[in-house]
Amino acid sequence: EGITSRQMDNYRHAAKVWKEAFSGYSIGDVRPDDIERVLMRLSAEGYAARTVSLYRSAVRQILSRAVGRAIAINPESQVTLTTPGKKPEKRRALTAQEQSWIWDTPHRAQPVAVIMMLSGLRRGELAALTWQDVDLQARTIAVNKVIEYSSNGVPALRHITKSEAGMRVVDIPQRLADYMAKLPRDNMLVIHTAAGGVMTPSAWSKLWKSYMRTLNIKYGQRTPADLEREKSDKPGPKTYDMTIPPITLHWLRHTFCTLLYLSGVDVVQACAQMGHADVSTTLRIYTHLDSVHKRRSADKLDAYLQTSAI
């Protein structure tokens, strides 16, 4: 009721698109990034944002019927595509200075930052990581499961079995192995809440905001408003304006990919290390880095030619 014939045709076509996209999958194999890839392809093919939204609604309804029967949570709820008209998050690698901030600032979130920066693990992969998955002697981290969150933030453990991209072994540098060797093993999980439980979205948010505040106090520039706050006799910790870059967990993962590039790791191996399902994702990052670093090389040549006697 209330659905026009055109809308019904769109829903029928959407069902056909999803059926073709997931041909050969079992219902439990469908992951959020699978859904994202289809939606992104539709956008790239010129589909209107409203139509793409309708297709997303269709797959949400299709998969919702399997929740509680064949799957624990609806993978569509984990899809994080940018809303039409909203600027996408600008992701970049941390600068050498920002990386030093991480290393030089002890905090409960420091292990999160260091591990993600030097292994490229995703948030859900790190949340599910146990010490049994870590071999410091071989310098490897086995990624074989992930924590996914429902729309209301309830964590659920999912074993990755669909593709080699998800199920992978990450080679870690000696510096990370040495760092992790000093971490306490007071829990089966490498990263957990203060109470020892699985990290939830709110736990991630609180932990990271606390770390950003600590970094800002240590490395940020005090604004005139901050200076006025310092003169205040108001009890409690001072809250300063955020003047450092808005570092995110995505930036840490992007940093790992950039370090692989700078180290000369080829794009195929980098794809395997990052766990990208498609090498084109890694290639886009490498192509961007190529353009940036080639420009820097040319700038260095210009500077040399201006000062040389040639």
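The values are calculated or read from the model by the stated rules, or taken from the named source; none is laboratory data. Bear in mind the structure is a predicted one, so any value in this text is a computation, not a measurement. Methodologically, a virtual Cβ is constructed for each residue, glycine included, from the backbone with ideal geometry; neighbour enumeration extends over all protein chains shown. Protein only, heavy atoms only, side chains kept; ligands, DNA and RNA dropped before computing areas. Shrake-Rupley method; radii C 1.70, N 1.55, O 1.52, S 1.80 Å.
Residue-level analysis places SER205 outside the set of residues that are surrounded by 10 or more Cβ atoms within 10 Å (Cβ to Cβ), farther than 19 Å from ALA93 by Cα and in contact (Cβ under 8 Å) with a residue 12 or more places away in the chain.
Each residue in region 110-123 was checked for being under 17 Å from MET199 (Cβ atoms), of a type outside the set (S, T, N, Q) and open to solvent by less than 10 Å² (accessible area, probe 1.4 Å), and 6 pass. Checked across region 90-108, the condition of being at pLDDT 90 or above and acidic (Asp, Glu) holds for at least one residue. As a summary of the residue check, THR258 satisfies the conditions (1) closer than 22 Å to VAL114 by Cα; (2) surrounded by fewer than 18 Cβ atoms within 10 Å (Cβ to Cβ) except for the one numbered (2).
Does ILE191 meet the test of being surrounded by 14 or more Cβ atoms within 10 Å (Cβ to Cβ) and not in a helix (DSSP H, G or I)?
Numbers: surrounded by 14 or more Cβ atoms within 10 Å (Cβ to Cβ): yes; not in a helix (DSSP H, G or I): yes.
Yes; evaluated as a whole, the condition is true for this residue.
Considering region 136-162, the residues that are open to solvent by 20 Å² or more (accessible area, probe 1.4 Å) and among the hydroxyl-bearing types (Ser, Thr, Tyr) include one that is modelled with the lowest pLDDT, namely THR161. For region 221-243, indicate whether the set of residues that are among the β-branched types (Val, Ile, Thr), part of a helix (DSSP H, G or I), open to solvent by 30 Å² or more (accessible area, probe 1.4 Å) and within 30 Å of GLY124 (Cα to Cα) is non-empty. No. Residues in region 261-272 that are on the phi < 0 side of the Ramachandran plot and open to solvent by 50 Å² or more (accessible area, probe 1.4 Å): 6 in all. Taking the criterion of being polar (S, T, N, Q), in a loop (DSSP other than H, G, I, E, B) and over 23 Å from TRP204 (Cβ atoms), the only residue of region 244-286 that qualifies is SER263. Checked against (1) free of Cβ contacts under 8 Å to residues at least 40 places away in the same chain; (2) touching a helix residue (DSSP H, G or I) at 6+ places or on another chain (Cβ under 7 Å), SER263 passes all but condition (2). Annotation note: Cβ proximity below 6 Å between a residue of region 155-178 that is farther than 27 Å from VAL30 by Cα and a residue that is part of a loop (DSSP other than H, G, I, E, B) and at pLDDT 90 or above (sequence gap 6+ or interchain) occurs for ILE172/ARG139; ALA177/LEU136; ALA177/ARG139. Close Cβ contacts (under 6 Å, 6 or more residues apart or on different chains) running from residues in region 6-20 that are within 16 Å of SER64 (Cβ to Cβ) to residues that are hydroxyl-bearing (Ser, Thr, Tyr) and modelled with pLDDT of 85 or more comprise ALA14/TYR55. Screening region 273-285 for residues that are hydrophobic (A, V, I, L, M, F, W, C) and either buried (at least 18 other Cβ atoms within 10 Å of the Cβ) or within 23 Å of ALA96 (Cβ to Cβ) (or both) and picking the one that is nearest to the chain's Cα centre (by Cα) gives MET274.
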